[in-house]
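Colleague: For reference, the structure I am asking about is given below.
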Amino acid sequence: MIVRRSFAPIVAVVALLLACGGSGPGSEDVLGLMPPPGIVAQAALDVVWSIQEASGCGSITSAGVYTAPTAPATSACHIVARVANDTTASSVATVTIAAAQTPPPAPPPPAGTSGDAISRCASDPIRSTGTVYYVCSCDSGAQAGCAAGDDANPGTSPSAPKRTFSAAQAQFRGMNAGDTVALCKGGSWVNVASTSPHWVNSRCNATSTCDLRAYDPPGTSGRARPYVDITSTAMDFWNASGGTKGYRFQGISWHGRSGAYGFYTATRNLSDVMLCDNRFDGFNVAVGPMIDRLYVVSNQIVNSATQGFIGGSNYGRIENNTFDNNGTAVGHHSIYLGAGITDGGTNLTIRGNHSTRSSQSNGRCIGTHIVAHGQFQNLLIEGNTIEESGTSADPGCWGIGILRDSEVPSGSIPPEYFRNVTIRGNTIRNVGNALIALGQCESCVVENNLLMPGPTMGGTAVYGTPNNYAPQTGTNGSDADTTNLVVRNNTIYSTGGQASGISFERAGGGGHEIYNNAVYVVGGSCIPQTAGVTYNAFNTCTTAATSSWFVSAGSDFTPAAGSPLVNAGTTRGGATPTIDFLGTPRDSTPDIGAFERH
C-alpha cells in the first residue's frame, strides 16, 4: 500500500509517519518524530524528504509519498524530513518493516466432502477403495430375514460378516486409514456398550478417513438403518489425543438409554469428523463436540433429555438436520452453540435445519430453539425452519438467541461477543416472545427472514439489545455491546393482535440501521422508536388487516400486483441483499420485505 498525504508544515511529519503503512510485507510505525525547535506550522515551509539508509528501506518521493520495501528490512529504517535551505531544521522517524501477517486459509473438509458433496453425503455409496469389514447382528427388533454373522469370520465379505458390536469397534480401531466398517441394514444390536478406547484410531486422517457405514446384505434393498441400542456414549472421543482426525459415521440408528450420550468429546485434539444420515434418539445429549471441521448433516436428532446439539466448531457445518422434542427445561435447546464460554467458533454455518418441539414441559416449548453464548466470529444461520404448533409456546420459547449467557455471574467468565453474524432466509413461526434476539452483536445482519409471531402470544419479531442482556463487566473484561446491527428486507406477519415488529430496548453501541422491512402486525405495534437507532424511511408497516400486500397472506408472501411493497425499497448504495428469500435476484428497485415480485 502506498500512503499519500499532503503536507505544508514540517510539524505534519508526525501525522505522516503515524499513518504510514507502506506496501509489501507491512510496517510498524514508531512515535518520536518531532519538529525542530523554532519550527512552527506554516504553509510556506518546503519539506525535503529522504531515507537515511542507502538500500533495503524502500523509497520516498519529493512529495512525501513513501513506498515500503517488498521484503522485511533486517534493521530499522529511518525517514528524514528537513526544511529546505535550513540544515538545522530536521527530524528523523524510525520505522520497522515487519513480515506481513497473512491469515491462514480455511482448512479443507475431509476427503470426499468438499463443496456441495457435504450436503449430498446421505446418498454416498460405500467407497470402493480400502478394505470393508462387514458386521451383522439380529437381536430383538431386527427385520425379518436378518442373517447374523459370526465373530470367527474374517468379515471381509458381506456374505460372511462378523457379528458383535465389540468386534465392530475392535476392527475399527485396528484398521488402516481409508478402510470401512459396515453394519448390516435391518440388523440390530441391543443393550451394548462402547468400550475404551472406543473408536479412536490414530491411523485415520482428514484425507483418508475411517468410516462406519451401513450396507445392504446380499439379496436385499430398502432396509432400515442398522439399529444400535447402547447404554454408554455411542461415539466416545472424550479422551482423544495426539491430533486424531478423519472420521465419518453414516447411516446408523443410535438409541440411547438413560444418561447415554451420542457423539461426544471434550478435547479439541479431535477434528475432521462427519456425522451424516444418522438417527440419534433418546440420548441425554445427542451431539456434543468442541472440534474443528465438524459436519453434522442430514441427521434425525430427537427426544434428547437435555440438548440436541451442544458445542462449537471452526469451519464446521450443522446442516439439513431434523431436531424434534429435544430438552425439558429453559436451558435446553435444539442447538446450543457455545457449551463453554470460550468454546465458540469461527466460520460456523447452521443451515437448512428443521426444529420443532424444543425444550418441552407439559407439552409446551419453554426454551430457545437455537442459542449461542460465548465467542463467535463469522457465524452464518440461514435457511432454517423453526416452529411450534398453534399456541404451544411459553414466553421463554424463543426462535434464535445470539447473546450473552444471562445465567452466568458477572466477572466469572471471559467476555462474550458475536462478530459478523448473519441471520438470513429463516422461517420462524409460533414461538414465544422473541423470534430473533440479539445482544453483544458486532456488525451483524438480519435479512430476508420470514417471521410469524404466534397467533395469541404475539412476541417481537426482531428484538435488538434487550435490557436483560446488557453487557457485563467483570475481572475478565467486558462483554461486547451491540453495534452496527442491520435489520433489512424481512417480512413480519401476525394477525394475533399482540405482536411487535422490530424493537430495540436500548441503542447499545449505536450504528444500527433498519430498512426495507415489511411489517404486517394486525392490532400490534410496528417498529417502536428508540433513540440512537436509525429507522430508514424505507420500511412499510400496517396494523390493520388488508388484502393488498401479499399474493396469498399466510402462504405466499410475494408482494401482490399493486402492493405498496413493490419497488418501494432502497438499494442503500448496494448495501442490500442481491437475492430474496427464495434466491430470486432483486432488481435495481427492490421490493420491501423478504420476497421480490417479478
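The values are calculated or read from the model by the stated rules, or taken from the named source; none is laboratory data. Keep in mind it's a predicted model, so treat the numbers as computed, not measured. Heads up, the Cβs are rebuilt from the backbone with ideal geometry, glycines too, and the neighbour counts pull from every protein chain shown. Just the protein is used for accessible areas: all its heavy atoms, side chains included, with ligands, DNA and RNA removed. Shrake-Rupley method; radii C 1.70, N 1.55, O 1.52, S 1.80 Å.
Colleague: Before I look further, what does segment 484-534 give for accessible area per residue, probe 1.4 Å, in whole square angstrom?
Modeller: 30
Colleague: Show me 583-594, 357-368, 179-190, 544-555 ranked by packing, highest mean number of other Cβ atoms within 10 Å first.
Modeller: Taking the mean over residues of other Cβ atoms within 10 Å, the ranking is 179-190, 357-368, 583-594, 544-555.
Colleague: Treat every Asp and Glu Cβ in segment 220-355 as -1 and every Lys and Arg Cβ as +1, leave all other atoms uncharged, and give the resulting dipole magnitude about the Cα centre to the nearest 20 debye.
Modeller: It works out to roughly 220 debye.
Colleague: For segment 186-307, what value does the Rg/Rh ratio take when both radii are computed over Cα atoms and Rh is the Kirkwood radius, given to two decimals?
Modeller: Checking Rg against Rh, the ratio lands at 0.96.
Colleague: Could you order peptides 524-530, 139-145 by the average number of other Cβ atoms within 10 Å of their residues, highest first?
Modeller: 524-530, 139-145
Colleague: I've got another one for you. Using the alpha-carbon centroid of each, what span in Å lies between segment 218-285 and segment 519-567?
Modeller: 46
Colleague: Would you check the accessible area of TYR261, probe 1.4 Å, heavy atoms only, in square angstrom rounded to 10?
Modeller: Per-residue accessible area (TYR261): approximately 60 Å².
Colleague: Still on this structure: Packing-wise, with mean Cβ within 10 Å as the measure, how do 569-575, 432-438, 249-255, 118-124 rank, highest first?
Modeller: Result, highest mean Cβ count within 10 Å first: 432-438, 249-255, 118-124, 569-575.
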